[in-house]
Amino acid sequence: MAFLYDVRLAFLVMLMLAQHLELTSAGVRVTGLRAENLSGADPSGNQADAYVKVNCNGVFRSMTEHRTDTDDPQWSAEFIIKNCEVGDTLALEVWDKDLIFDDHLYTCIIELKSGSYRITCPNKYYGTLYFDYIMF
Ligand SMILES: [Ca+2]
Ligand SMILES: [Ca+2]
């Protein structure tokens, strides 16, 4: 009987450990990044060479490649951002790559909620950013 009890206890401890691991690996997955009607933000009126930087709570986490000469770029990148949880601030910075100084077009800022969402993030001057996210 004592042996059975120990097995149960060990099982309970394993369950608690697994739960703890799950909690500490929580994060957000960002996919489906695309934008429309961006701008190169230059006097010559050229199209954007856009890329997106992903920040969580003000800390840089990852970024896309840049898409050359298009105001309507799409990115296939999938970002798994760990330790970025419900209630945290996700900021997606939209940049236009230039020869010397890149232009920061705008930043889309959202507060993460549990579940999965399709986000539309319009800007007055520099078009609209779209992306999907799901909390895990
Ligand atoms: Ca530019
Ligand atoms: Ca450019």
Query - Subset of segment 71-98 (residues that are charged (D, E, K, R) and under 19 Å from PHE136 (Cα atoms)) - result: GLU78, LYS82, GLU85, ASP88
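Residues are listed down the side, and each one gets a yes or a no for (1) in a strand (DSSP E or B); (2) within 16 Å of ligand 2 (Cβ to nearest atom); (3) not aromatic (Phe, Trp, Tyr):
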{"site": "ASP72", "(1), (2), (3)": "no, yes, yes"}
{"site": "ALA77", "(1), (2), (3)": "no, no, yes"}
{"site": "VAL86", "(1), (2), (3)": "no, no, yes"}
{"site": "LEU92", "(1), (2), (3)": "yes, no, yes"}
{"site": "ARG118", "(1), (2), (3)": "yes, no, yes"}
{"site": "PRO122", "(1), (2), (3)": "yes, no, yes"}
{"site": "TYR133", "(1), (2), (3)": "yes, no, no"}
Query raised in the report: Considering segment 94-134 alone, what residues qualify as being within 15 Å of the chain's Cα centre (by Cα) and of a type in the set (Val, Ile, Thr)?
Result: VAL94, THR107, ILE109, ILE110, ILE119, THR120, ILE134
Report task. Kindly indicate the residue of segment 42-57 that is buried (at least 20 other Cβ atoms within 10 Å of the Cβ) and over 16 Å from GLY127 (Cβ atoms) and also nearest to ligand 1 (Cβ to nearest atom) among those meeting that condition. Result -> VAL54
**Report entry** Exclusive hit being within 17 Å of ILE119 (Cα to Cα), among the basic types (Lys, Arg) and in contact (Cβ under 8 Å) with a residue 12 or more places away in the chain, set ARG29, ARG61, ARG67
**Finding:** ARG29
Requested in this report: Kindly provide the set of residues from segment 24-68 that are assigned to a loop (DSSP other than H, G, I, E, B), of a type in the set (S, T, N, Q) and over 14 Å from the mean Cα position of the chain (by Cα), ordered by number.
Outcome: SER25, ASN37, SER39, SER44, ASN46, GLN47, THR68
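Every number here is computed from the coordinates shown, using simple stated rules; none is lab data. Quantities reported herein were computed from a predicted structural model and do not represent experimental measurements. FYI the Cβ positions are ideal-geometry reconstructions off the backbone, even for glycines, and counts take in every protein chain you see.
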